[in-house]
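Accompanying notes for the structure given below.
The values are calculated or read from the model by the stated rules, or taken from the named source; none is laboratory data. Bear in mind the structure is a predicted one, so any value in this text is a computation, not a measurement. In this analysis, Cβ positions are derived from the backbone assuming ideal geometry, glycine residues included, and neighbour counts consider all displayed protein chains. Heavy atoms of the whole protein, side chains included, go into the accessibility calculation; ligands, DNA and RNA do not. Shrake-Rupley method; radii C 1.70, N 1.55, O 1.52, S 1.80 Å.
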Amino acid sequence: MTESNANQMWGGRFQMSPAEIMEQINASIDFDKRMAREDIAGSKVHAAMLAATGIITDGDRQAIDKGLDQVLDEIEAGSFEYSRALEDVHMNIEARLKALIGEAAGRLHTARSRNDQVATDFRLYVRGQIDLFDRALAVLQLALAQKAEAHAATVMPGFTHLQPAQPVTFGHHLLAYVEMIGRDRGRFQDARRRLNECPLGAAALAGTSFPIDREQTARELGFDKPTANSLDSVSDRDFVMETLAAATITAVHLSRLSEEIVLWVTPQFGFLTLSDRFTTGSSIMPQKRNPDAAELCRAKVGRIAGALQSLVLVMKGLPLAYSKDMQEDKEVAFDALDSLRLVIAAAAGMVEDMQPVPEAMQRAAGYGYSTATDLADWLVRELKMPFRQAHHATGSIVALAETQGVDLSELTLEAMQSAESGITADVFSVLSVDNSVASRTSYGGTAPHNVQKMAAKWVGQLENDLKRV
Ligand code: ARG
């Protein structure tokens with residue numbers, strides 16, 4: 001093609017259309033169209049500022065505003081026609097605006113570049129996602145804390161190395177996740193604080209000669225202030241990397257929760273049941289009930305962590321300021337953030353759905369001589385034995401029980417005394433799993449009274465959080 005207007009966007013300088021393959025590798029409209037709302041919000045605020053500073057007329061501003069409203073309506077209604085030839089969401093919207101309002105549309109891009117425009121749009125988008133995560137994570141925490149309150153005294157085995165270690169309560173175990181997710185929310189909030197500066201007005205990279213008011217656009221888009229360096233403004237994607245890092249850690253936490261659900265619903269553990277709502281059957285084995293939701297939550301961390309990795313590698317070694325490489329930030333981020341939203345919702349659903357089997361947990365809590373530490377502590381407390389010596393003595397008593405094939409509490413007093421002569425019948429009072437958990441009253445410990453208090457505190461706080469957000 002050689003006609004001078006063959007190139008829809010750059011007809012002034014360019015005489016030919018891009019090669020088909022160029023259009024394919026270059027166009028981002030297929031994925032960045034999901035920032036259309038943010039793009040229009042940014043343009044409206046930009047136009048208002050241009051009018052307020054006298055850079056465009058009020059008449060143009062009104063035409064632009066009305067035109068953008070119509071574009072938004074078309075997008076919401078699904079009637080907007082996106083064109084790949086127009087590369088991205090910014091150019092698609094501007095072209096449609098021009099078709100609707102004519103010449104005034106051409107003034108919108110005064111003192112602006114797609115470089116600061118895309119940086120602004122993406123910040124707005126990511127900020128919106130962070131706000132959704134905060135609420136979804138609070139819902140998940142509340143589900144965990146409510147279950148913890150109901151099961152503050154339900155005894156189960158605590159594991160290290162996935163070997164029975166010491167008895168804990170189910171409520172305590174669930175509250176561990178409430179703490180983890182609390183930190184996740186904190187990380188998202190930290191990212192949000194640093195993200196919340198407005199790059200609009202940095203223009204292509206150097207700022208602009210027009211007398212713009214960056215404070216105004218920043219304020220109207222809900223940012224705390226404008227970014228301070230125009231080069232940094234258009235070349236920074238820290239806000240995406242930070243958000244993906246926070247998303248990755250959250251996904252890691254939820255994959256650990258999911259793994260425990262997968263283990264605990266096996267007949268071998270039998271600690272939990274999930275209903276039909278969060279399980280699937282097998283096409284060949286009629287008896288099966290598979291925890292697919294938990295498995296998929298466990299797996300999604302792969303693509304979320306992958307997105308972080310991908311963006312870090314895109315950004316590595318990029319010279320300042322903008323390079324087209326940075327367009328590769330979006331697809332992976334969208335996918336990762338979508339995935340995380342799904343994982344959080346599925347996790348909350350499973351937590352609400354899960355029913356513990358207290359008898360199975362209680363039974364398993366006694367396996368593997370799990371109260372041996374209680375015996376050693378008794379020797380320290382009652383016989384004033386140094387802990388190391390008590391550890392050794394208890395080790396021989398465990399060995400004895402193992403040889404006899406019995407539990408610690410099933411050993412006779414005489415058998416105990418053969419290993420440590422000072423032992424009295426009082427020792428049996430600490431060997432039950434219930435006494436064991438009840439004795440862990442140190443701050444943050446698993447004693448049911450502690451767990452009850454901590455769970456109630458969380459429930460109150462989370463109910464408040466959810467009223468606010
Ligand atoms: N679609 C582009 C992106 O996502 C917008 C910025 C394009 N800027 C440019 N100078 N080509 O990064």
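Determine the sum of side-chain charges near HIS253: Lys and Arg each +1, Asp and Glu each -1, restricted to other residues whose C-beta is under 14 angstrom from that of HIS253. In short, +2.
Relative to the longest principal axis of the Cα atoms of the chain, helix 170-195 runs at roughly 20 degrees. Restricting the chymotrypsin sites (Phe, Trp or Tyr not before Pro) of region 1-59 to loop positions (DSSP other than H, G, I, E, B) with no more than 16 neighbouring Cβ atoms within 10 Å leaves TRP10, PHE14.
Cα centroids of region 388-411 and region 421-466: how far apart, whole angstrom? The distance from the Cα centre of region 388-411 to that of region 421-466 comes to 24 Å. For region 368-469, applying the loop criterion from DSSP together with a ceiling of 15 other beta carbons within 10 Å to the chymotrypsin sites (Phe, Trp or Tyr not before Pro) yields TYR443.
First check a/c for region 235-389, with a ≥ b ≥ c the square roots of the eigenvalues of its C-alpha gyration tensor; if it is under 1.5, answer rounded, and if not, answer prolate when a/b is larger than b/c or oblate otherwise. Display every interim value, and only then the final one.
On the way: a/c = 4.00, a/b = 1.59, b/c = 2.52.
Because a/c hits 1.5 or more and a/b fails to exceed b/c, region 235-389 counts as oblate.
Applying both filters, DSSP loop and at most 12 other Cβ atoms within 10 Å, to the trypsin sites (Lys or Arg not before Pro) of region 207-308 gives LYS288. Ranking VAL45, THR57, ILE25 by how far each Cα lies toward the positive end of the dipole of region 1-93 (charges on Cβ) leaves THR57 at the top. Please label the shape of region 1-139 as rounded, prolate or oblate, based on the square roots a ≥ b ≥ c of the eigenvalues of the alpha-carbon gyration tensor (a/c under 1.5 means rounded; beyond that, a/b larger than b/c means prolate, else oblate). Since a/c reaches 1.5 but b/c is at least a/b, the shape of region 1-139 is classed as oblate.
Overall, the accessible surface of the chain at a probe of 1.4 angstrom is composed of carbon and sulfur to the extent of 53 percent. Prolate is the label for the chain, because a/c, from the alpha-carbon gyration tensor with a ≥ b ≥ c as root eigenvalues, is 1.5 or above and a/b exceeds b/c. For the chain, a crude dipole built from +1 on the beta carbon of Lys and Arg and -1 on the beta carbon of Asp and Glu, taken about the Cα centre, is about 540 debye to the nearest 20. What the chain shows is 48 Å² of accessible area per residue, with the surface traced by a 1.4 Å probe over protein heavy atoms. Estimated from the Cβ-Cβ distance and a Förster radius of 60 angstrom, the FRET efficiency linking GLU414 and ASP338 is about 0.35. Taking label positions 7 Å along the Cα-Cβ direction at both ARG289 and LYS225, the computed distance is 5.7 nm, reported to one decimal.
With θ set to phi - 60°, apply the Karplus curve 6.51 cos²θ - 1.76 cosθ + 1.60 along region 339-347 and write out the HN-Hα couplings as whole Hz, x wherever there is a Gly or Pro. Here the 3J(HN,Hα) series is 4, 5, 4, 5, 5, 5, 5, 5, 5 Hz.
Taking 0.36 nm per residue of separation and subtracting the Cα-Cα distance, full extension of the segment from GLN309 to TYR82 would add 78.7 nm.
Could you pull out the pairs from LYS147/LYS467; LYS44/LYS467; LYS44/LYS330; LYS300/LYS330; LYS384/LYS453; LYS225/LYS300 whose alpha carbons sit more than 26 Å apart here? Mind showing how you got there, number by number?
Working: LYS147/LYS467 20 Å; LYS44/LYS467 31 Å; LYS44/LYS330 23 Å; LYS300/LYS330 18 Å; LYS384/LYS453 32 Å; LYS225/LYS300 35 Å.
Flagged as over cut-off: LYS44/LYS467; LYS384/LYS453; LYS225/LYS300.
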